[in-house]
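Nothing in this text is a laboratory measurement; each read-out follows from the coordinates by a stated rule. Since the structure is predicted, the reported quantities are computational estimates derived from the model, not experimental observations. FYI the Cβ positions are ideal-geometry reconstructions off the backbone, even for glycines, and counts take in every protein chain you see.
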Ligand code: NDP
C-alpha cells in the first residue's frame, strides 16, 4: 500500500488519497515528537487544559462537517455521526475541567522524612494506533488525557480515515496544541514498529483487532515500551425477566445495530431464559426487519453500509459458516447487490460450542440468541468465551441481577443498560479484550510517571 485511500462504502467511489510516509521520514517524526514533548510538558497544566476546552468548542462549531466526513469515510448514519462528534467534544471538555485537579501533587504520610510526595508527570512521546469504527471518539479517548498530562502524541489512524485524522490534527493545532505535540501520520504498520524502536518513544495505545494488538504489543515489549490495548469483544446481554418485552427487544435491537454492529462493546450474544426465549427471538426478528438500512446520509437511516466491502464479506462469510455448521438464520445475512457494502441485519440461533460463531467476534449487524434454563447457566455461557470487554444483565429485580453482573469476567458490567460510555467512567476489558483503562481518572493513569519525592 502506498497511500491512505478512502473508498466511500455507500457509493464505492474513491474520495481521498494521502501519500504514506517514506521510511526516511519516520525517524524525523519521532525527533519532532520528542521536541514537542519538551515544549508541551513545560506548558502550565492550566494552558494545556485550556487547549482541550478550545478543542471541545471547535468540535461543536464544526460538528456538521466532522460528522459528514465519517459518514463518507466509513458509512456511519448521520445522527450517529453527530452523536460521536459530541461525545468526542464531551471527552475533551471533561479532561479540561477535571484533569488539572486529578494531577495535583499528593502528600503522603512522610514515614520518617520531613516530606514524602507523589507528582503525576508525563512520560514522553506516545503512539496512538486507532480504528475506523469510531474515528473521533477512539482518538479523543487516548488524546485528551495524554495531552492534559503533557505527553506528546503521534497518531496513526486506520488507512480509510485519512480525512478525519487530518481534521482532528487541524482542530488540535487551531486550539493551540503545538504542531509537534500532536503529529498525524500516514504510516504503514512496519513504520509503527520502526517508531516503537526509536529511543524517544515511550509507549503505544492501540484499539483494534487481536491480530494488530498482539503484533504491536510484541514490538513494544521487545523495546521495553508500555502498551495499552483495547481489542474486540463478544459481549453478553443476559435477559432474566422483563415487564415489557417490546421495549426490551427495541433496546436490544438498537444496541446491536448501532454503527452497523461494528462496535467492540456491542451486545453480540443475547442469552435469554427459556420462558422468554420464543417471544424475544420473534420480537428481535421483527425489529431487525423493520430497521431502515440504507444511505447513511439520509436522516431516517438507522443502519448504513459496513466500513468496506471486505468487512461486509467477512461478516457474511461468518454467517454462512454458522449456517453450514448447523445454526438457524431467522432473517437477513445477505449482502445487498450494488455498489454499497450493505448487509441485511441477521438473527442467528442454535449456536453450539463446536461452531466458529460461538467463540469468534461478529463485527457487523448480527445477533446471536441463546436459550438457557437458569441465571447460573446464563452466567456460565456468558463467561465461556476468551473475550472480557463488557456485559449486561436485565431484570426488574436488581438484587437478582447484581450477583450475575458481579460474576461476569469483564471490565464493564451493566444492569438494565448496555455499553453506556461517559467521559468520567472507566473503559477497558480483561482476557483477550485487552488491558489498561481509558477515560475518567483511569485514562490519566496509564502513561504517567508517578514520581516520588522525599526530603529527609
Ligand atoms: P485492525 O486491527 O487491523 O485495525 C485497527 C488499527 O490498527 C488500524 O489503524 C490499523 O491500521 C492498525 N494496525 C493493524 N495491524 C497493525 C500492525 N501490525 N501494526 C500497527 N498497526 C496496525 O482492524 P481491521 O480494520 O482489520 O478490522 C478487523 C477486525 O478488528 C474487526 O472485524 C473487529 O473484529 C476488530 N476491530 C475492533 C475494533 C475495536 O473497537 N476494538 C475496531 C476495529 C476493528 P491500517 O488500517 O493501516 O491497517
Segments 103-109, 220-226, 125-131 sorted - mean Cβ within 10 Å per residue, highest first: 125-131, 220-226, 103-109
Where the convex hull is taken over the Cα atoms of the chain, what is its projected area averaged over directions, in nm²? 22.8 nm²
How are the alpha carbon pair distances in the range 108-238 distributed across 10 Å bins from zero to the largest one, expressed in percent? 12, 40, 29, 12, 7, 1
As an exercise, take the mean of 1/r over every pair of distinct alpha carbons in the range 170-248, invert it, and state the Kirkwood radius in angstroms. 15.9 Å
Taking the range 277-384 as the region of interest, what is the percent of Cα-Cα pairs per 5 angstrom bin, listed from the shortest bin to the one with the maximum distance? 2, 12, 21, 21, 20, 12, 7, 4, 1, 0
With Cα atoms, 0 to 90° folded angle of helix 274-290 axis to the chain main axis: 80 degrees
Computed, not fitted: 222 nm per-residue ellipticity of the chain from DSSP H runs ≥ 4 (each -39500 (n - 2.57)), nearest 500, equal to -13500 deg cm²/dmol
Calculate, axis by axis, the spread of Cα positions in the range 380-422 along the three principal axes, and write the results as whole Å, longest axis first. 29, 27, 12
Extension reserve of the residue 50-residue 314 stretch, reckoned as 0.36 nm per residue once the Cα distance is removed: 90.7 nm
Roughly how many whole Å is it from the C-alpha centroid of the range 45-64 to that of the range 407-436? 27 Å
What order, most packed first, do the peptides 16-27, 146-157 have when packing is the mean number of other Cβ atoms within 10 Å of each residue? 146-157, 16-27
Could you bin all the Cα-Cα distances of the range 1-129 into 5 Å bins starting at 0 and give me the percent of pairs in each, rounded to whole numbers? 2, 9, 11, 12, 14, 15, 15, 10, 5, 3, 2, 2, 1, 0
Inverse of mean 1/r across different Cα pairs in the range 58-120, Kirkwood, Å: 14.6 Å
Kindly identify the range 384-456 as rounded, prolate or oblate by the Cα gyration tensor criterion: order the square roots of the eigenvalues as a ≥ b ≥ c, call it rounded if a/c is under 1.5, otherwise compare a/b with b/c, prolate if a/b is larger, else oblate. prolate
